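The values are calculated or read from the model by the stated rules, or taken from the named source; none is laboratory data. Everything quoted here is computed from the prediction, not taken from an experiment. Quick reminder, even Gly has a Cβ in these numbers, built from the backbone with ideal geometry, and neighbours come from all protein chains shown. Note: accessible area is taken over every heavy atom of the protein model, side chains too, but ligands, DNA and RNA are not part of it. Shrake-Rupley method; radii C 1.70, N 1.55, O 1.52, S 1.80 Å.
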Amino acid sequence: MNIRSYINGEWITPDSERIVRNVNPANIDEVVCEFPSAGERETLQAIEAAREAFAEWREMPAPERGRFVSRVADRARQRQDEIARTMTREEGKILKEAVGEVRKGISLLEYYGGAGFRLNGQTVPSELPDCFTCTIRRPLGVAGLITPWNFPWAIPCWKIAPALVAGNTVVFKPAELTPGTASLLVELFEEAGLSPGVLNMVVGPGSAVGEAIIHHPAVRAISFTGSNEVGRRVIVESARTHKKVTCEMGGKNALILMEDGDIESAVAATADGAFGSTGQRCTATSRVLVHKRVKGAFIEQLLEKAREYVPGDGMDPAATMGPVVDRKQYESILSYIEAGKKEGARLILGGNKTGGNGYFIEPAIFDEATPEMRIFQEEIFGPVLCVTGFEDLRQAIELSNSTQYGFTGSIFTRDVRNIMRFIEHAEIRMVHINEPTIGGEAQLPFGGCKATGYGDREMADEGLNFFTQTKTVFINYSGRGERAMIR
Ligand code: NAD
């Protein structure tokens, strides 16, 4: 793969001595790409190009801007297989999951393609006679979009599409581990006929490219998805130049199984949430809280189910779980497994490195995890699941709420009182009943609270709102220059 940055309508190779070499996580001898990374200079060029392009782009009628995004959706559908294969090679997820992610991105492009027709304000009655009052929504200017490697296609889709349809121009910074998938998306926008400067992509490290974006005064909005450590910095630094900011960060999501819940479907949902995408999802199930009376039966079935997740090369149809993304992630997950053992949790399945020439780890299950343990509190971002028993719903919700995060959660029960209390008291913003903790849909808002989410939510109309500012308009046709007193 030939990786370049895309600035002002041109694909450029930065003149840099910093060479990035990405390998296939399923076979570390296979170099996927090797490229000189961009830095501050290229980022400043991209911001300047976006700033210049804004004046013309914002004048284009919103439905027309949406049509560009619809054209990208059509093209993406034609190249679905190529995009998915690129993703599997550079990120590792199995091909079936990669295809699912491409389709989800296409749904988002379709949703926002039509959103140009719905960029509505409100008409509101004035308290004064002969005065018409309304709100209109207008773009912010240059938007900086910073994304992680774990959903290298869907996340850029759900940020770039609403930013452009709302009339902003974009500087997009993908994760350095997954530039191939990001480049395909930008290529599709180029083919759709976007003018130079409207969408720019800079491929380089967070310490240079990301920092230049968050500090530049011409960048008026930042939409960030990634770790808490970086997200906190993005929030604080962006405030210095009064940017609008949204950050979606880590999670430590719990699934609750009540005594009356269906064990078999809770087992399937837990395994899917914990080991699907190798546990590298912000919505992954990393804790399962089980009523003490059904815990024995649940664990017995879960051990059986977890054995269906066999690590292997994502291109191989026999593989049911891909490798983890890189050496750093691999070592971090293995060190959490060691920490869990030392803290006194009981490792009842897996957790070993497995064969092959990639970053493969067996699914791991710890029983008797308690809230004092790091494996209960911290985001591991790998195929590691903690099991904890509880006596009643109150204790289950307390356990579920007892981490700094507030993203997603699920309850398995047939009792409507349990369902309603969970909806009300779980400190999360994505609430699932009798289904896994994972998933989101283009037309539904997505995001978390507490340490997970900061600022507006993403996807749906809320995602579009983030990229606009509301103007309040007073049209006075009384013929008098002054405003009458409100009675
Ligand atoms: P990361 O924070 O390391 O990197 C995210 C992005 O920020 C990358 O593009 C990176 O280059 C950039 N970056 C790094 N340092 C920067 C800096 N100083 N200034 C500006 N940008 C900088 O995260 P990651 O390892 O790529 O992704 C995994 C994390 O993302 C996990 O914590 C996961 O939970 C989270 N995530 C959250 C959601 C969500 O919707 N809440 C979705 C997916 C992933």
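Computed from point charges on the beta carbon alone (+1 for Lys and Arg, -1 for Asp and Glu), the dipole magnitude for the stretch 253-433 about its Cα centre is near 200 Debye. Each Lys and Arg contributes +1 and each Asp and Glu -1, all at the Cβ; summed about the Cα centre of the chain, the dipole is approximately 1200 debye.
Across the chain, Cα pairs under 8 Å and at least six residues apart give a relative contact order of 18 percent.
The overall shape of the chain, judged from the alpha-carbon gyration tensor, is oblate: a/c is not under 1.5, and a/b is no greater than b/c. Rounded to the nearest 10 degrees, the angle from helix 416-425 to the longest Cα principal axis of the chain is 60 degrees. Restricting the stretch 223-258 to trypsin sites (Lys or Arg not before Pro) that sit in a DSSP loop and have at most 10 other Cβ atoms within 10 Å of their own Cβ leaves 240.
Between 0 and 90 degrees, the angle of helix 80-91 with respect to the longest Cα principal axis of the chain falls at about 60 degrees. Here is the list for the stretch 426-479: chymotrypsin sites (Phe, Trp or Tyr not before Pro) lying in DSSP coil, each with at most 14 other C-beta atoms within 10 angstrom of its C-beta, are 477. Here the spin labels are modelled as points 7 Å beyond Cα on the Cα-Cβ line, and at residue 327 and residue 218 they lie 3.8 nm apart. For residue 207 and residue 352, a Förster radius of 30 Å and the Cβ-Cβ distance give a FRET efficiency of 0.30, rounded to the nearest 0.05. For the peptides 118-128, 272-282, 297-307, the ranking by packing is 272-282, 297-307, 118-128, with the highest mean count of neighbouring Cβ atoms within 10 Å listed first. I'd like the orientation of helix 228-239 relative to the chain: the angle between its Cα long axis and the longest Cα principal axis, in ° from 0 to 90, rounded to 10. It works out to around 20 degrees. Of 265, 413, 345, which is farthest along the charge dipole of the chain in the positive direction, counting Lys and Arg as +1 and Asp and Glu as -1 at C-beta? Positive-end residue among those listed: 413. Here is how the number arises for the chain: DSSP H runs of 4 or more residues each give -39500 (n - 2.57), the sum is divided by the residue count, and the result at 222 nm is -12000 deg cm²/dmol. Each Lys and Arg adds +1 at its Cβ and each Asp and Glu adds -1 at its Cβ; summed about the Cα centre, the stretch 1-120 shows a dipole of about 620 debye. Evaluate E = 1/(1 + (r/R0)^6) for residue 265 and residue 1, where r is the Cβ-Cβ distance and R0 equals 56 Å; express this FRET efficiency to the nearest 0.05. In this case the efficiency is close to 0.85. Model label points for residue 431 and residue 475, set 7 angstrom from Cα along the Cα-to-Cβ axis, are 4.1 nm apart. Accessible surface area normalised per residue over the chain is 41 Å², counting heavy atoms of protein chains with a 1.4 Å rolling probe. If the chain linking residue 485 and residue 138 were pulled fully straight, counting 0.36 nm for each residue of separation and taking away their Cα-Cα distance, it would gain 122.0 nm.
Normalising the average separation of contacting C-alpha pairs (under 8 angstrom, six or more residues apart) by the number of residues puts the relative contact order of the stretch 253-433 at 27 percent. The largest accessible area among 65, 75, 374 belongs to the first residue in 374, 75, 65, and the rest follow in falling order (1.4 Å probe, all chains). Along the charge dipole of the chain, pointing to its positive end and built from +1/-1 on Cβ of Lys, Arg, Asp and Glu, which listed residue (107, 57, 335) has its Cα farthest out? Of 107, 57, 335, it is 57. What's the center-to-center distance, using Cα atoms, between the stretch 185-227 and the stretch 1-41 in Å? Here the two parts' Cα centres lie 16 Å apart. Counting protein heavy atoms only, the stretch 253-433 has 48 percent of its accessible area on carbon and sulfur, 1.4 angstrom probe.
The Cα center of the stretch 115-172 and the Cα center of the stretch 352-392 differ in position by 39 Å.
In the chain, a dipole from Cβ-located charges (positive for Lys and Arg, negative for Asp and Glu) runs towards its positive end, and of 382, 236, 194 it is 236 whose Cα lies farthest in that direction. Applying the criteria of a DSSP loop state and at most 12 other Cβ atoms within 10 Å to the chymotrypsin sites (Phe, Trp or Tyr not before Pro) of the stretch 359-409 yields no site.
Here the stretch 31-183 exposes an accessible surface that is 49 percent carbon and sulfur, computed with a 1.4 Å probe and the other protein chains kept in place.
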